[in-house]
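The values are calculated or read from the model by the stated rules, or taken from the named source; none is laboratory data. This one's a predicted model, so the numbers in the text were calculated from it and none came from an experiment. All Cβ positions, glycine included, derive from the backbone under ideal geometry; neighbour counts span all protein chains shown. Protein only, heavy atoms only, side chains kept; ligands, DNA and RNA dropped before computing areas. Shrake-Rupley method; radii C 1.70, N 1.55, O 1.52, S 1.80 Å.
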Amino acid sequence: MTALLLSFVFLMPFLAKMEAAQPAGCKIRITNKGLEKLKSETEKFVEEELCNISMPEMMGKEGRFQYTITDVKITELILAHADLKFIPDVGLLFDIQNSSISLSFHRQILYWFFYDTGNINASADGVNINTAVNLIRDYEGRLKINNITCNAKINRMRAKFSGTLGKVYDFVARFLTTGMRFYLNQRICPALNHAALVHVNSLLETIPVRTEVDNYIGIDYSLIEDPVMTDQSLDMHFRGMFFDLSHQNLTLANYAVDPVIREYDRMVYLALSEFFFDSGMFAYYTAGMFQMDIVDEKMPKDLEMLLRTTYFGTIMITNPALMDAPLALRLAVNSPPKTTIKTSGATVFMTAIVKVMILPPGQPAVQLSSMTMEAKFNAKVSMKGKRLAVHADLRRFKIFSNQSALESLALIPLQAPLKTMLQMSVVPLINNWTKRGVRIPLADGMDFVEEVVEYHNGFIVIGANLHFSKGLREMMVGGANATTTA
């Protein structure tokens, strides 16, 4: 007994790890090509952040000279070399080398009894900024910047005076630029750190983690592990699971194939497993959405006539007075639909109980027959912007009686009209739910373009390029406003 307990204690960490490990329902890969697209937006953002740096008033005295410097403004960042790249197992690196900064500031100089005032244009040369950003999964499962390492250095500064005594004061420039260079070196990294930890994280908060899809179901896009960094890509593994809003703890276990992304040619890749789609079907099933009544104007006239003919004997035996009462078909899916993805495409298999009912006015409905319907749909996956949509087409259809094999033979004439009814009534209803699409975990202002869908055994991969509908700062301001509103 003691040995058994010791063995259990020894195995507990391994069992916990196995239980925690689960395949991802959704994966996103951003490649070096995607990072190159982001680079120009990052350069603009860094320039804007540096231009917003506030500098203190500078006062000093050198011999007979007294000076005051105010209204320091960075007007331009001129990049000689800038690079944005992945750091394996860490995050992102933004590197600026041998660049320059243009500045302007106002001077007030007193020399003996002479007083002079005017603007100074200055430049900082040999600007080197090295910023490394560490990306993690936070406690909510959201992508987040956890830490920043920043080094900034300005090698030299030059200042050119204007005004009547400009040439006389040129030699004072070295005193001013030394102090200015010191202050700039001290302020660049804090400005970039604040920008990343506050503004960029507010942008990342616009990526949905657990959100509603419609009035019935929601989706969980929480990261199941820290993002994986290589020198070629950033890989993010999401739970990718739908859930019933009214029964959020009732979820589907993930036994599907783990999706694999092997390509690096496009800017971004999205991989979705069979579990992603099955969990959506399961959520709609538990929400009670896969049931409907075909009655009155929804019932095709030729189908109603065929049903009356088929069940004429049953109606006469049950109650001849019901002969003119309205007929109805009651459809109820009896198990969650199942998705199968192969290289040839995606299909969805569904079974449902179809009850033929007669509805006498003012009386309870009377069941005439019960049959099982098996339907197989082709599912075409498409992507627009950052919304994933599925379009279903009925491929195969079969019905058989739940009461007797003999009745199953009698149902053969109903096969074609019931299939037509499904195509006219049920399939449009399903496509109406799915045409709006579900948002993928991508930040506001970023969209997929030029998408290509590839089907593999057990999962699909969508390769695409990225389009920025907003500038990076506009995206961040929008993220901050959304966070504040929430």
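Quick notes on this structure:
- Test: K380 is touching a residue at least 12 places away in the same chain (Cβ under 8 Å), basic (K, R) and either open to solvent by 50 Å² or more (accessible area, probe 1.4 Å) or within 30 Å of T314 (Cβ to Cβ) (or both): yes
- Residues in region 451-467 that are touching a residue at least 24 places away in the same chain (Cβ under 8 Å), assigned to a strand (DSSP E or B) and open to solvent by 60 Å² or more (accessible area, probe 1.4 Å) were compared, and the one that is nearest to E36 (Cα to Cα) is E451.
- Test result for M241, at pLDDT 90 or above, open to solvent by 10 Å² or more (accessible area, probe 1.4 Å) and touching a Lys or Arg at 6+ places or on another chain (Cβ under 9 Å): no
- Selection of region 371-406 for residues being in contact with a Lys or Arg (Cβ under 8 Å, 6 or more places away or on another chain) and basic (K, R) yields K376, K386, R387, R395, R396.
- E48 modelled with pLDDT of 75 or more, open to solvent by 50 Å² or more (accessible area, probe 1.4 Å), part of a helix (DSSP H, G or I) and assigned by the TED database to the domain that holds V72: yes
- Meeting the requirement of 2 or more residues that are open to solvent by 30 Å² or more (accessible area, probe 1.4 Å), outside the structural domain of S425 (by the TED database) and at pLDDT below 90, no strands (runs of 3 or more DSSP E) wholly within region 256-342 can be named.
- Residue in region 468-486 that is modelled with the lowest pLDDT, counting only those that are open to solvent by 10 Å² or more (accessible area, probe 1.4 Å) and among the small types (G, A, S): A486
- Any hit, region 204-216, residues being at pLDDT 90 or above, hydrophobic (A, V, I, L, M, F, W, C) and surrounded by 20 or more Cβ atoms within 10 Å (Cβ to Cβ): no
- A single entry from S469, S404 fulfils the requirement of being over 30 Å from S222 (Cα atoms) and among the polar types (S, T, N, Q): S404.
- Complete set of residues in region 238-271 that are aromatic (F, W, Y), closer than 18 Å to A464 by Cα and touching a Gly at 6+ places or on another chain (Cβ under 8 Å): Y269
- Index of the failed condition, I412 passing every other in (1) open to solvent by 70 Å² or more (accessible area, probe 1.4 Å); (2) in contact with a strand residue (DSSP E or B) (Cβ under 6 Å, 6 or more places away or on another chain): (2)
- For region 415-425, the candidate set comprises residues that are touching a residue at least 12 places away in the same chain (Cβ under 8 Å) and loosely packed, with under 15 Cβ neighbours inside 10 Å; within that set, the residue that is farthest from G345 (Cα to Cα) is Q415.
- All conditions in (1) touching a residue at least 60 places away in the same chain (Cβ under 8 Å); (2) crowded, with 21+ Cβ neighbours inside 10 Å; (3) not small (G, A, S) hold for I430, with the sole exception of (1).
- Selection count where residues are under 19 Å from I154 (Cα atoms), open to solvent by 40 Å² or more (accessible area, probe 1.4 Å) and of a type in the set (V, I, T), scope region 78-126: 1
- Test result for I69, open to solvent by less than 20 Å² (accessible area, probe 1.4 Å) and of a type in the set (A, V, I, L, M, F, W, C): yes
- Scanning region 219-233 for residues that are touching a helix residue (DSSP H, G or I) at 6+ places or on another chain (Cβ under 9 Å) and over 17 Å from N254 (Cα atoms) yields D231, Q232, S233.
- For region 383-391, the criterion of a residue being farther than 29 Å from K144 by Cα and in contact (Cβ under 8 Å) with a residue 24 or more places away in the chain is satisfied by at least one position.
- Residue count, region 51-72 (criterion: of a type outside the set (A, V, I, L, M, F, W, C), in a strand (DSSP E or B) and without any contact (Cβ under 8 Å) to a residue 12 or more places away in the chain): 1
- When region 383-398 is filtered for residues that are surrounded by 17 or more Cβ atoms within 10 Å (Cβ to Cβ) and under 13 Å from the mean Cα position of the chain (by Cα), the ones remaining, listed by number, are M383, K386, L388.
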